[in-house]
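Visitor: Below are the structure tokens for one structure; questions will follow.
The values are calculated or read from the model by the stated rules, or taken from the named source; none is laboratory data. All figures in this text were calculated on a predicted structure; none of them were measured in a lab. All Cβ positions, glycine included, derive from the backbone under ideal geometry; neighbour counts span all protein chains shown. What goes into the accessible areas is simple: the full protein's heavy atoms, side chains included, and nothing from ligands, DNA or RNA. Shrake-Rupley method; radii C 1.70, N 1.55, O 1.52, S 1.80 Å.
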Amino acid sequence: ASTTAAAIRRSFEARGGALGRVRLPLGESGRRGLDLPLANRVGCVVSFATLCGSALGAADYLELARRYELLAVEGVPALTPEDHNAARRFITLIDVWYDQRKELHLSSAVPLPQLFSSMHEEGMRASLGSLSTYAQADPVPAATSVRGFGGASAGLTSTWMGDGTEWSATGLMGVSMAALNGLQDAAFAQRRAA
């Protein structure tokens, strides 16, 4: 652990006793859970990957805030457009923690103002451009159909042209509206945090 991380851990121990492994039940049934490697009666120390790199959401973060007064998130990376899902979760975590008026500590790879620095509009365009190719502006085929399965840029259903080409609302092959929206949310968060 870095010097900063070690200091945060010592501070947590001084305020709430020894840190140990805890499993926090999540959801109404409590069947899901969050493994907290370092927790005590007042707080916990968790990696960014654990909190923002897995399928957690606002309700899970709210449960964490109900249980603990202090949270330390270690290993926060400089976020890129490719990290848009983790960035959205991170934004949600911070919003929940702030709304609950809880104490939050971050240990990051870059200074705080630089966490979202590549999530600006130009960076997102460059990222989308490198990950996808623009769909050709061919005339729409006469026959279209909606199939009961998703394609490269959709979830449950997709619209398909008569020639078997999937229609893309974004104009990008393989980029869904949800993914594009996630990048826009992350860019908004970057502007808000700046």
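Visitor: Out of (1) more than 20 Å from residue 115 (Cβ to Cβ); (2) free of Cβ contacts under 8 Å to residues at least 40 places away in the same chain; (3) loosely packed, with under 15 Cβ neighbours inside 10 Å, the odd one out for residue 15 is which?
Guide: Result: residue 15 fails condition (2) only.
Visitor: Between a first residue in region 34-48 that is under 15 Å from residue 76 (Cβ atoms) and a second residue that is of a type in the set (Phe, Trp, Tyr) and outside any strand (DSSP E or B), which pairs have beta carbons less than 9 Å apart while being 6 or more apart in sequence or on different chains?
Guide: Between residues of region 34-48 that are under 15 Å from residue 76 (Cβ atoms) and residues that are of a type in the set (Phe, Trp, Tyr) and outside any strand (DSSP E or B), the close pairs are 45/12; 48/90.
Visitor: Condition test on residue 92, is it among the hydroxyl-bearing types (Ser, Thr, Tyr), under 18 Å from residue 115 (Cα atoms), touching a residue at least 60 places away in the same chain (Cβ under 8 Å) and part of a helix (DSSP H, G or I)?
Guide: Numbers: among the hydroxyl-bearing types (Ser, Thr, Tyr): yes; under 18 Å from residue 115 (Cα atoms): yes; touching a residue at least 60 places away in the same chain (Cβ under 8 Å): no; part of a helix (DSSP H, G or I): yes.
Against the criterion (among the hydroxyl-bearing types (Ser, Thr, Tyr), under 18 Å from residue 115 (Cα atoms), touching a residue at least 60 places away in the same chain (Cβ under 8 Å) and part of a helix (DSSP H, G or I)), residue 92 does not qualify.
Here's the yes/no breakdown for (1) polar (S, T, N, Q); (2) open to solvent by 50 Å² or more (accessible area, probe 1.4 Å); (3) touching a Lys or Arg at 6+ places or on another chain (Cβ under 9 Å); (4) at pLDDT below 95:
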| position | (1), (2), (3), (4) |
| --- | --- |
| 38 | no, no, yes, yes |
| 59 | no, yes, no, yes |
| 84 | no, no, no, yes |
| 90 | no, no, no, yes |
| 95 | no, yes, no, yes |
